[in-house]
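The values are calculated or read from the model by the stated rules, or taken from the named source; none is laboratory data. Keep in mind it's a predicted model, so treat the numbers as computed, not measured. Positions of Cβ are generated from backbone atoms using ideal geometry, with glycine treated the same way; all protein chains shown enter the neighbour counts. Protein only, heavy atoms only, side chains kept; ligands, DNA and RNA dropped before computing areas. Shrake-Rupley method; radii C 1.70, N 1.55, O 1.52, S 1.80 Å.
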Amino acid sequence: MTSATRLGAGILLFAALLLRGPAPAAQFDSVGSLDFPTSARSAEAQQYFLRGVAILHSFGWLQAIEQFRAAQEIEPDFALAYWGETLCYNHPLFATSADDDNPRAALARLGATPAERLAKAPTPREKGFLQAVEALWAEGDYDARRVAYMQAMERLYRQFPDDDEVATFYALSLLSGSRALGDQSGRLEMRAGAIALGVFGANPDHPGAPHYAIHAFDDPIHAPLALPSARRYAEIAPAVAHARHMPTHIFIQHGMWDLVSQHNQSAYDAARALWNPGDSVGDTVHPLDWGQYGDLQRGDYARARDWIERLENVIDESDGAQRAVDSLPLLRARYVVDTEEWKTAPPTDDSSTHELLATGLSAFRQGDADTVRQAAAALEARAADGGRPAQIMHEQVAALAALADGRGEEAVAHMDAAIAVVETMRPPNGAADPVKPPYELYGEILLELGQPAAAAEKFEQSLLRMPGRMRSLLGAARAAKASGDAETARSRYETLITQWAGQAEDPVVAEAREFTKDRG
């Protein structure tokens, strides 16, 4: 199959995956199956290498390093074992800077110079892999190196278009390269996703193919293309915590809140089992964040509080690991906003932007206009150098401050400004950011202003961007009800009831049941 044929066929393969037969026996327990022939002389070194690659595809960085180093120990001149280790320090979709020292040290153990190292890669394919990481770990700007790596992988893909490992690592380089370039067109992501789906169709047990398809199609428009990948991926590599979490990127885009909660619980459990003091807390914190969001959309507020307590424990056990510390204000603010258990505290210099947004909302709902204005002023200062999310949150709270003072037109103008910023950004992925989605807040403000038809449009737009979000469903139902659209109101209330897993007497679900009980 030519590379052009693979690319064109990739997106079409996802439908056929639903009909596939039994998967072949996994090459390794719990990390997936792949075919990666090398020039390794030792069968044992090759096995360590293969397991390392399989784990690397699921971003199990520390686990993969162990495997690659075991292969190096057995066969010190096995070039690809060092290649694989260097990629464990890249974190291509999350990092804005790189750990250059460790991968360069790994390459130095293979050979003192690029030429010396390249001489130990005996085939053109292996030389191509090694040359690509030489570009990635050269001197210079990290984003420029990521682009150079992507270009090197593209050359290798053109040379070996039917090699699944070349294809999957090229797909990942496209995803990383798109971030390095700041490309919001989606062009590189779509190419990466099509290539990944092509590999997935050929090997439904490959760990990297569904993983990269999920990342490529992680937006509300393209997410259906990755749903088969999401359903399969956690079964492929359950030994890696990130693989248990990743399907929830697509489940969130479909409003599958039970699966979001369950998979992040599973990912958290796996991360806890693997974590040792001194390790990164990333694989533990990430599912805590997303798991809480899923449970809030189900109305299970008790479990949402449990996620916060778990994060507090992670902070204690990790001696205040920065990622965990930085995530705690986010989870607390999200809990306030989504439960509407309003909590007002005067803004401080230490308040995060999410906390300021939650404070502004709380103060507005509690009639504390002074605190709303304080929160708006604090966010205005943050917006100057805090990027687009901070700008959006400032406009949101400024709108509430205007509304609290009876200036409805000004409130609408602030929300229009917030939406103008939102529309310059990529479609939402993952948990809501800001914690109060702008279209949802806009709808609530329009309801306050007695404009239910206009509010309904905003809530529906919010649901297109974040399907199944509980507060947007509730707002859409209320706006439709106020507009006299009983059919839409019933549909939105029924969806809310179906996904509800919280207390039956909660006012939200009680309202929904009251409206639908006589309208079967």
Determine whether segment 149-159 contains at least one residue that is in a helix (DSSP H, G or I) and over 30 Å from the mean Cα position of the chain (by Cα). yes
Filter segment 470-486 down to the residues that are basic (K, R) and either in contact (Cβ under 8 Å) with a residue 40 or more places away in the chain or touching a strand residue (DSSP E or B) at 6+ places or on another chain (Cβ under 7 Å) (or both) and list them by number. R471
Counted residues in segment 320-338 being free of Cβ contacts under 8 Å to residues at least 60 places away in the same chain and crowded, with 17+ Cβ neighbours inside 10 Å come to 9
For segment 422-506, list the helices (runs of 4 or more DSSP H) that sit wholly inside it and hold at least 3 residues that are open to solvent by less than 50 Å² (accessible area, probe 1.4 Å) and farther than 23 Å from A333 by Cα; which are they? 452-465, 470-483, 486-499
Residues of segment 73-89 classified as closer than 16 Å to E126 by Cα, of a type outside the set (D, E, K, R) and either modelled with pLDDT under 95 or under 33 Å from the mean Cα position of the chain (by Cα) (or both), total: 8
Scan segment 46-61 and give yes if some residue there is of a type in the set (G, A, S) and more than 26 Å from the chain's Cα centre (by Cα), otherwise no. no
Could you please find all residues in segment 422-438 being under 12 Å from R469 (Cα atoms) and of a type outside the set (V, I, T)? G430, A431, A432, K436, P437
Candidate set: segment 211-228, residues that are crowded, with 21+ Cβ neighbours inside 10 Å and in contact with an Asp or Glu (Cβ under 9 Å, 6 or more places away or on another chain); chosen: the one nearest to P428 (Cα to Cα): D218
Go through segment 229-248 and report how many residues are crowded, with 24+ Cβ neighbours inside 10 Å and either touching a Leu at 6+ places or on another chain (Cβ under 8 Å) or part of a helix (DSSP H, G or I) (or both). 10
Checking F94 against (1) touching a Gly at 6+ places or on another chain (Cβ under 9 Å); (2) among the hydrophobic types (A, V, I, L, M, F, W, C); (3) open to solvent by 60 Å² or more (accessible area, probe 1.4 Å); (4) modelled with pLDDT of 95 or more, only one condition comes out false. Which one? (4)
Go through segment 387-402 and give me each residue that's open to solvent by 30 Å² or more (accessible area, probe 1.4 Å), more than 18 Å from A333 (Cα to Cα) and of a type outside the set (K, R). G387
At pLDDT 95 or above and open to solvent by 60 Å² or more (accessible area, probe 1.4 Å): is that true of E134 in this structure? no
Options A132, A230: the member that is on the phi < 0 side of the Ramachandran plot, small (G, A, S) and within 17 Å of the chain's Cα centre (by Cα): A230
Looking only at residues in segment 343-359 that are acidic (D, E) and over 26 Å from the mean Cα position of the chain (by Cα), which one is farthest from E380 (Cα to Cα)? D350
I'd like the residue in segment 270-281 that is part of a helix (DSSP H, G or I) and free of Cβ contacts under 8 Å to residues at least 60 places away in the same chain and, out of all such residues, is surrounded by the most Cβ atoms within 10 Å (Cβ to Cβ). A271
